[in-house]
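Presented below is the structure to which this report refers.
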């Protein structure tokens, strides 16, 4: 009997049937030759004996010793010699780890390390590769993989509810826009239980039912558990919420920064003013009348910012993780910080009564609020008080509490005096003045929604906002003057097509937007002012916001349209934004304050850093919005069947969106519920027009709607229309069956004619 090259011969007698142990050993020694034909050839099994061999293989499969894939057999607790892998993560040493796309074993999923050759293409997390595997012993990983070829990247991931079935299961997505389910085949459930929230990824093409196949990669537990709503958004959008051990270690060994060569600002009454529930305090302020005789009526404003760059140095584990996160994410029930709590909530936070390192800017403004000079210092401060917006405002309104009373005359009133001057400069500059109140979801201790309110916009809020804008402008101007690379905050002017849409909206409510001239924020403010106090105010404000481009970070300066500024850089929140940390390092380098400034590596990758943190910022915004929507849906789920008033806030082909009064929640009014007639969608005008009654549904119209469905898991609200502008919507004529469609038989006739033309042959 000829022996296959490279294989061992396991038979001593042609008539002897191999044992189960012989078969398993043979498959282990020859992982590439495991078909029934290969096994029978190796043991010399022929003829009727193959029936007994087939029985042995079936028994081994039933006992769990072998798994069959098509015509080959292998050990289920081992990976095949060639397999499809997904690049999963990167070790601190830079090695890439992968996980198998298919794992049928009973034990834990094996760890695979990719051996990257110089000729191989660059691989990243989510890439799919076909690789040759070799089992290893005595290592942290179980297999080593060598790339054959890259076959795809970034498999689609979903978050959904797992529904168990007789074989495998099905996943119902939680995204409002995703109505299709995913089929989970047996062996790919990951141990998920019925009703659990799971994360899954596509594992194959559509099956015969037309639904894509998926494999469960993570079990997230009960979706209705307290405070699970933000967890859904965190996993759905891929926001990192666990710090690696080396990052925590670096943070834990940090010590408070000493005075050293820094300027001593500890005698200056720099106070922090933040929301009452703020966990970190990254900015402090102080102001006084300018004693320079050349600046009569002017003010001096100090803004001190936490010196995060002292602790988070370039190339450290803390720096790598902070860049990866890009920013902190804020949810009603939790904060996912950019930095570990040891820094964000302790060493970097400007707490009351403790020494804290800071970067501070001293700014001079004249009596009209125009900045006439500034300088930066690296210092050590000690805040006398940590106050919140409401108590500061109440102190100025004549009701100071015990914390504010000692500071009222020497600290708080000078702050407001400087802000009064800045109002003049703001009125001259004319930044975009949108009136969009912020929703605030208040939770109980057990994670239930207690109330949904609109946040108050106090004068204290505006004061801090103007001081921070002024400091950010000073940072950008200083770095430009010193020719130091930095990241600008860029906001470009709206594109022409969006402006035309805004003009159409304005005209539909009887207002106008200037045309044929260079657009300035003053033109938009004129429109917003004309709409203020009318029934169309909300629509005009929302439409103006939608016309704006998304702000982003860039190493090139393109100005900030919304703030009406030529140059702008984020400097004031380095605890929660990586962009601000880059600006801090740039200031340190520009002033020669130490070796923890901007490195050549930082400068080289400024472009990629800007793109990355712009993306993480958008990711956090979407996650925060989705979380708010889900909490609103949970809050309103107990009021299904009730009527609500609201206003049409958006028009689409499939229906209208209604913003409900009181909560600000957005619900969908499906076009199918608008009556018996067909509605024509006009994209340019933003209207739905009934084909029979001529009823027009457009932006800004007042409506009364009935809540028919509230889905906390998806955050979706579905509504029925009760009346529009105080009138019941005409239903249109009743839908009849109509005349039967006359079928065209042209093709069939042609086929028949062709058949008739055929010559029939018959035997006589």
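The numbers here are math on the coordinates, done by the rules we state, and not lab data. A quick note: this is a predicted structure, and the numbers were derived from the prediction, not measured. Glycine also receives a Cβ, built like all others from the backbone with ideal geometry; neighbour counts cover every protein chain displayed.
For the reader, a short list of remarks on this structure follows.
- Considering only alpha-carbon pairs that sit under 8 angstrom and 6 or more positions apart, the relative contact order computed for the chain is 8 percent.
- FRET efficiency, residue 523 to residue 453 (Cβ-Cβ, R0 41 Å, nearest 0.05): 0.80
- Translational D in µm²/s for segment 372-451 (Stokes-Einstein at 4 °C, 1.567 mPa s, Kirkwood Rh from C-alpha pairs): 78
- Helical runs assigned H by DSSP (4 residues or longer) give the chain a calculated mean residue ellipticity at 222 nm of -8500 deg cm²/dmol, each run adding -39500 (n - 2.57) before division by the residue total.
- Computed E for residue 89/residue 219 - FRET, C-beta separation, R0 25 angstrom, nearest 0.05: 0.85
- The largest-to-smallest principal axis extents of the Cα set in segment 484-592 are 57, 28, 18 Å.
- Paramagnetic label zone (point 7 Å from Cα along Cα-to-C-beta, residue 550; backbone N under 16 Å) in segment 641-685: none
- Segment 326-462: radius of gyration over Cα atoms, expressed as a fraction of 2.2 N^0.38 Å: 1.28
- Entry for segment 634-728 at q = 0.11, 0.13 Å⁻¹: log10 I(q)/I(0) = -0.29, -0.40, Debye formula applied to identical alpha-carbon scatterers, no solvent contribution.
- Separation of segment 276-349 and segment 417-451, taken as the distance between their Cα centroids, equals 19 angstrom.
- Sorted largest first, the principal axis extents computed over the alpha-carbon atoms of the chain equal 118, 80, 50 Å.
- Cβ crowding within 10 Å averaged over residues, with 190-198, 628-636 ranked highest first: 628-636, 190-198
- Ratio Rg/Rh, restricted to segment 282-366 and using Cα atoms, in which Rh is the Kirkwood radius: 1.13
- Residues in segment 647-667 that a label on residue 692 would reach, taking backbone N under 20 Å of a point 7 Å out along Cα→Cβ: 654-656
- Taking max minus min of the alpha-carbon positions on each principal axis, segment 190-281 gives extents of 74, 31, 21 Å, largest first.
- Ordering of 323-329, 677-683, 463-469 by burial proxy (mean other Cβ atoms within 10 Å per residue, highest first): 323-329, 463-469, 677-683
- With the simple spin-label model, which puts each label point 7 Å out from Cα in the Cβ direction, the residue 267 to residue 24 separation comes to 8.3 nm.
- Extension gain, residue 557 to residue 135, is 146.6 nm, computed as 0.36 nm per intervening residue step minus the present C-alpha separation.
- Using the average count of surrounding beta-carbon atoms within 10 Å as a protection proxy, the listed peptides 709-721, 423-435, 298-310, 370-382 rank, highest first, as 298-310, 709-721, 370-382, 423-435.
- Computed log₁₀ I(q)/I(0) - Debye formula, equal Cα scatterers, no solvent, segment 82-152, q 0.14 Å⁻¹: -0.38
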